[in-house]
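The structure appears right after this line, and notes come after that.
No value in this document is a laboratory result; all are computed from the given coordinates. Note that the coordinates shown come from a computational prediction; the quantities given were computed from them, not determined experimentally.
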Amino acid sequence: RLFPVDHRADTAGERHLGQLTAVHDVSDGGIAVTLAEMALAGGIGAMIDRKQPFDCARSFFAEDQGVYIVTVDDHSLLDFLGAAHAADVEAEPLGRTGGKRLIFERPDRDDVIALDTLRTAHEEFFPKLMGVDAALA
């Protein structure tokens, strides 16, 4: 079953691209995978401190259509949130970027992974799975 994409959200986001430092959809792996991919691409970690509405699996791995993670510099955040609200587009902060780790704050414990560890796992997975020497991959 296909679900419609909210093109108002896409258009509102495009109008404010100058305020955004990165954009990534969550349709392939959910929020956690999206944040990991963004962190690896930019070499910048993040602390996700927003209380999640569901259990860990649904909150961090649900693959939604028309949902994006965006990063905005501190000076543009309020303007961006105001513009999203004015366009009737839901937008809310999840956390902050910085450092060299991904941190998911949870009520019972924090889940933390260093970007170096994440990069190693990401780059070595398929060579190990296929039995290929990493130097040849």
Report the per residue volume, in Å³, of the convex hull enclosing the C-alpha atoms of the stretch 86-134.
160
List every residue whose amide H lies under 5 Å from the amide H of Ala22, counting only residues 5 or more places away in sequence or on a different chain, with H placed 1.01 Å from N in the peptide plane.
Thr71
